[in-house]
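The values are calculated or read from the model by the stated rules, or taken from the named source; none is laboratory data. Remember, it's a predicted structure, so these values are computed and weren't measured experimentally. Using ideal geometry, Cβ is built from the backbone for each residue, glycine included, and neighbour counts are taken over all protein chains shown.
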Amino acid sequence: MIDLTVQIGSLTLKNPVMTASGTFGYAEEFSDLVDLNEIGAIVTKTVTPKPRPGNPPRRIVELPCGMLNSIGLPNVGIDDFIVEKIPFLQSIDTHIIINVAGTDEQGFAECVSRLEDMPGISGYELNFSCPNVKHGTTFSTDPFIAERVTKSVRRSTKRPVFAKLTPNVTSISEIGIACENGGADAVSAINTLIGMSVNTKTRKPKLATITGGYSGPAIKPVALAKVFELACKLSIPVIAIGGIATAQDALEFMIAGATAFQVGTTNFYEPDATLTIKKDLEFYCQENNIPRLADLIGSIQL
Amino acid sequence: MIDLTVQIGSLTLKNPVMTASGTFGYAEEFSDLVDLNEIGAIVTKTVTPKPRPGNPPRRIVELPCGMLNSIGLPNVGIDDFIVEKIPFLQSIDTHIIINVAGTDEQGFAECVSRLEDMPGISGYELNFSCPNVKHGTTFSTDPFIAERVTKSVRRSTKRPVFAKLTPNVTSISEIGIACENGGADAVSAINTLIGMSVNTKTRKPKLATITGGYSGPAIKPVALAKVFELACKLSIPVIAIGGIATAQDALEFMIAGATAFQVGTTNFYEPDATLTIKKDLEFYCQENNIPRLADLIGSIQL
Amino acid sequence: MTLKRLCRSTLENISHVARNTYVLTFRSHFLSHGVSAGQFLEIKVPQCSDILWRRPFSIHNIDPENDLVHVLFHAIGRGTTVLSMLEIGEGVEILGPLGNHFHYDEHLEEAIVVAGGLGIAPFMLMKRELRQRDIKMQLFYGVNSSDHFCALDQFADYATLHLSTDDGSRGYHGVVTDMLIPYLENLSENASKSLFVCGPTPMLRTVQTIAQQYNIAAQVSVETIMACGFGACVGCAVPMKHPVPGKKEYYLACKDGPVFHMHEIVFDD
Amino acid sequence: MTLKRLCRSTLENISHVARNTYVLTFRSHFLSHGVSAGQFLEIKVPQCSDILWRRPFSIHNIDPENDLVHVLFHAIGRGTTVLSMLEIGEGVEILGPLGNHFHYDEHLEEAIVVAGGLGIAPFMLMKRELRQRDIKMQLFYGVNSSDHFCALDQFADYATLHLSTDDGSRGYHGVVTDMLIPYLENLSENASKSLFVCGPTPMLRTVQTIAQQYNIAAQVSVETIMACGFGACVGCAVPMKHPVPGKKEYYLACKDGPVFHMHEIVFDD
Ligand SMILES: Cc1cc2nc3c(=O)[nH]c(=O)nc-3n(C[C@H](O)[C@H](O)[C@H](O)COP(=O)(O)OP(=O)(O)OC[C@H]3O[C@@H](n4cnc5c(N)ncnc54)[C@H](O)[C@@H]3O)c2cc1C
Ligand SMILES: Cc1cc2nc3c(=O)[nH]c(=O)nc-3n(C[C@H](O)[C@H](O)[C@H](O)COP(=O)(O)OP(=O)(O)OC[C@H]3O[C@@H](n4cnc5c(N)ncnc54)[C@H](O)[C@@H]3O)c2cc1C
Ligand SMILES: Cc1cc2nc3c(=O)[nH]c(=O)nc-3n(C[C@H](O)[C@H](O)[C@H](O)COP(=O)(O)O)c2cc1C
Ligand SMILES: Cc1cc2nc3c(=O)[nH]c(=O)nc-3n(C[C@H](O)[C@H](O)[C@H](O)COP(=O)(O)O)c2cc1C
Ligand code: FES
Ligand code: FES
């Protein structure tokens, strides 16, 4: 039997396969396609203190090997979230990570505080980096703010806290270190790159918001460089995100230093990708006589 | 007759099609495939004050829709460059832009001063951003240094100076504004994104330098967002670079605000891409009754 | 509603039925049973690893006796062109059934179907359902030119056809909605009749106005760009006619739709 | 040297000649004239827009009378697999001829060719050249197992064959270089003889040692990853045996090569 477990702070994941926030809904959308209990951890779509309708269409653009989105964090707000989404999530036998965001320091802490007494939640991911909302990225482009928000969330919860970072900065590790100092148990990287596409017929931006978030296989090389940088500079675990579509992709990230990883855009067109990747990781370990997948973490030969 | 000319500072280009530094050699490599005189402007591979052997192999990695490189600016140095490369370049009937780099402020100015008296050179592009050499990016991640270097080059030449920017920063327009303040006649954007790839069999990075520069169609959406940002914030022209493979790609950039554009990675696998794009731009203008291509610049409908 | 599934199947047939238009047939017991008109499938474009998203197509028809499913599509871009060149026996990967479907009011006696171009796709399955329920079918069907008409014979065996072409090459010379007005004008009683609409946005907008004007119920199947087709990406937003500002302003075409009541939604460009 | 050109041609033939190995034949007057053994072509992988780079292949043989060019290749990855499935009549886009070629010293009387696996590719054209010049050809040719041998009959009509397989299924049981040593050992006079080598890196490294030991001239055709094939990307660096440190430490495989004198270069992993 291959041991696929990985450890993120106090959490033991049965395997390193997680879902990326905003690409797996609230898990229910996938329940008839995937045995949710088999996933290492499920990260839910960002919830905010107040409801948000999201951005006007057009919200998504397909590109070769990638896509743009400007969804704009639509969600029912923390109150309705607790009533409408939490019960189903609690019924899943795996770690549930609630991804939260606020427009200010209080916003993040407020969401976390409201959830703190609910059972069946394993931790929080702080969306410091959604590029589709006004001021959405200041939390993760300014290390002081990132540290302050992390600290304030840290004080509001006993559960593990992951800070999710944007790649659209000069030094991602500077922000990562700030989050580590603020008490984050792990960092998740990367959120989407800022991208744009123009309709040459109408001469309009394809997205209603002009620019949006670029994701998918096309961003994998960038994500890998960022994850490697973080793994070199931080002492807390790094959760890799960015263009992961296959077990081979996931292995690249784990070898480069990621403790776990999240499947994002791939869920849209291969809705069972999480479990395919899990199975293929197991095969890989079997074929290569690796009894413990976690031994691969950071095993890069320089 | 369609008017394809564009104006960059004091330079009139017969068309906006340029070649990206490091992807078109010293033009000679393409002379049997392309009528060099038809290209709007040729930008040569980076030359440095001293010769450089470049990085050890493996220097290039193919990826879906893109590639990584860690060439490391190999070149014969400015002295031999003048003897070996300039004469052929002078024989081409189009604008020749010499891309230069130094490891410090003096380095840039030195290259430019040595070339200033040579006829047949239309201007200089300052490679502030090559991510494959030590300290290669400090020039374009720090606005103060970027401004200082631009100023010192500005004092060394009467010819137009373009500052070539890296996308690997939090705010590319901050650096662009610094270059504008330093006296740059235009900015070129973008250079490569930092990327990485891992061989999961050997567990080694595929590139000898671990990380390298990511280029090709995969980076186009990122480049477009950066060019748009620069065009909004700067008053000097923006020269677009990043994943341009077709006339449609080029049009997206011009509509978003680029005055001219450079074809990079595409030259490797479609060596006549520059002229195909030029021809297709002409067709496009004909079909859409656009007498002056330059009227499209910044014509985006917001 | 039926649960969705990922189905691997092989191509049974592909036929060129009109200009640039194909019917793709594959075998699937699951997808040929318990699906309804208006529901759609997401089909993977094979061979092209740079095309990420599956392509959404209405279920055109089913043949439950033979476990067959038919999709009618237009080769319009790269993905559909690749699909049009598939060969019999090749593998196809399908996700479905997805979305909601057209509803027939228990008092419904006549379905007035308005189809523009490829908007005809869902209505063959609807014909099957209407026949089973003994509901009359009036088919208003407009295309650019006569070589775009699909499956007229198959419709004609049950529906009354009202055809139009933009270029006048067959039927009424003009847009399909021009024919609809006089028809509604002469209707004595609207309560037992309902519009079922699918087609390009300008047509939908016109039908929306007409339906309101003649006070007739109308259901519309909308097409938006879709990354997933099952509510995961939240990309297929359709503006609500009566939003709750700051809270809920959009439906999801793939989950709340693709079928909506005409008066619930706004047609953006 | 001939100027390179971008050629559009159509596939005349594709044949499966050994395990996973194909000969692709296309028509081109330009490329079937004035090219030499060791030169290569860059062929575009059709249909796959996510595969950017062309694929480099040695010119395997030419048939100038019929304007034909042959390429021998192994379906090893995605690009070559797509090429192996091309059908006669399909378009191929080729850039070439590229690179330098093998040189025959004017005193050369015997070419001792050492080929490992697909390293055999350039030597069919060499056979043609040697025959024209009346130079003898000794062919040392090793593969994994006998089903990998290509074109033995065609070589046998001119060359003396020395075959080996790793698994002993035909010829000498072991690596090809094992056979080379006794042959060189028994050579009386080396000046009129020369080694011509192509194959996997470990084999090249061994031949390099042997050539030095037996003091025999050797030319080698190397394969590196290539983005362009004509000196534009500077990606195909090959370390020089005698670098000018800090100034010139690498050759370019595509421009300075692919043929080098054995003693000029270092074989990295
Ligand atoms: C619920 C639903 C049902 C549909 N049913 C059918 C059907 O039965 N038959 C049929 O031929 N088509 C149908 N479509 C449209 C079909 O999905 C698109 O034509 C197809 O995705 C285009 O793929 P492509 O790769 O060929 O085009 P692309 O190269 O991706 O695009 C070509 C053009 O089509 C537009 N387009 C792309 N995707 C969509 C989309 N999802 N909806 C509308 N326009 C799009 C693009 O904006 C572009 O202008 C349906 C769409 C939806 C959402
Ligand atoms: C000058 C030259 C001449 C060549 N001549 C021939 C020939 O006559 N016949 C033949 O079968 N092959 C030849 N090759 C190798 C051939 O180019 C590669 O096998 C081919 O590019 C692989 O493409 P792919 O998409 O199938 O593989 P990929 O999926 O790209 O890669 C599969 C494997 O092949 C390796 N590979 C990829 N490109 C190259 C390359 N350029 N050189 C060496 N290894 C590579 C990769 O590292 C990987 O391990 C030659 C290469 C060069 C540089
Ligand atoms: C449509 C879409 C919606 C997303 N929504 C969120 C979100 O609500 N919260 C968040 O933290 N990240 C969100 N993301 C970012 C992803 O979680 C992930 O970080 C990013 O897409 C990169 O991974 P990928 O390339 O695997 O998709 C979203 C991404 C996409 C494509
Ligand atoms: C192999 C390679 C070598 C490059 N060398 C240089 C260089 O010497 N100087 C420079 O300023 N940019 C260099 N670049 C960057 C390109 O000029 C260009 O900015 C970048 O590749 C993005 O454009 P593209 O996507 O069209 O290739 C190089 C890029 C590649 C791929
Ligand atoms: S298409 Fe993804 S939510 Fe509707
Ligand atoms: S392959 Fe590009 S320089 Fe040799």
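Going by what's in this entry, would residue A:205 be described as surrounded by 24 or more Cβ atoms within 10 Å (Cβ to Cβ) and within 16 Å of ligand 2 (Cβ to nearest atom)? Spelling it out, it is not the case that residue A:205 is surrounded by 24 or more Cβ atoms within 10 Å (Cβ to Cβ) and within 16 Å of ligand 2 (Cβ to nearest atom).
When the strands (runs of 3 or more DSSP E) confined to the stretch A:5-87 are screened for residues that are buried (at least 24 other Cβ atoms within 10 Å of the Cβ) and among the polar types (S, T, N, Q), those reaching at least 1 such residues are found at A:17-19, A:66-69.
Taking every residue in the stretch B:23-43 that is at positive phi and pairing it with any residue that is in a helix (DSSP H, G or I), at least 6 positions away or on another chain, the pairs with Cβ-Cβ distances below 6 Å are B:27/B:36.
Residue A:70 - would you say it is under 18 Å from the mean Cα position of the chain (by Cα), farther than 20 Å from residue A:261 by Cα and in contact (Cβ under 8 Å) with a residue 12 or more places away in the chain? Spell out the reasoning first.
On the way: under 18 Å from the mean Cα position of the chain (by Cα): yes; farther than 20 Å from residue A:261 by Cα: yes; in contact (Cβ under 8 Å) with a residue 12 or more places away in the chain: yes.
Yes; evaluated as a whole, the condition is true for this residue.
The numbered conditions (1) farther than 22 Å from residue B:243 by Cα; (2) touching a residue at least 60 places away in the same chain (Cβ under 8 Å) are all true for residue B:152 except (2). When C:133, C:78 are checked against the criterion of being away from every other protein chain (no Cβ under 14 Å) and away from ligand 6 (no atom under 16 Å from the Cβ), a single residue qualifies: C:133.
Taking the condition within 14 Å of chain B (Cβ to nearest Cβ) and away from ligand 1 (no atom under 16 Å from the Cβ), does residue D:234 pass? First the steps, then the outcome.
On the way: within 14 Å of chain B (Cβ to nearest Cβ): yes; away from ligand 1 (no atom under 16 Å from the Cβ): yes.
Judged against the criteria, residue D:234 is a match.
Residues of the stretch C:243-256 include at least one that is surrounded by fewer than 22 Cβ atoms within 10 Å (Cβ to Cβ), acidic (Asp, Glu), more than 13 Å from ligand 1 (Cβ to nearest atom) and not assigned by TED's automatic domain parsing to the domain that holds residue C:79.
Here C:223, C:189 are screened, and the one residue that is of a type in the set (Asp, Glu), within 14 Å of another protein chain (Cβ to nearest Cβ) and away from ligand 2 (no atom under 16 Å from the Cβ) is C:223.
Conditions tested, residue by residue: (1) without any contact (Cβ under 8 Å) to a residue 40 or more places away in the chain; (2) away from ligand 5 (no atom under 16 Å from the Cβ); (3) within 12 Å of chain A (Cβ to nearest Cβ).
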position	(1), (2), (3)
C:172	yes, yes, no
C:196	no, yes, no
C:212	no, yes, no
C:228	no, no, yes
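Mind checking which strands (runs of 3 or more DSSP E) fall wholly inside the stretch D:37-104 and carry at least 3 residues that are more than 21 Å from residue B:32 (Cβ to Cβ)? Per the criteria, D:68-74. The condition (being among the hydrophobic types (A, V, I, L, M, F, W, C) and either at the interface with another protein chain (Cβ under 10 Å from one of its Cβ atoms) or under 25 Å from residue A:56 (Cα atoms) (or both)) is satisfied by just one residue among A:263, A:227, A:238: A:227.
What strands (runs of 3 or more DSSP E) completely inside the stretch D:164-269 contain at least 2 residues that are in contact with a Cys (Cβ under 6 Å, 6 or more places away or on another chain), within 16 Å of ligand 4 (Cβ to nearest atom) and of a type outside the set (Gly, Ala, Ser)?
none
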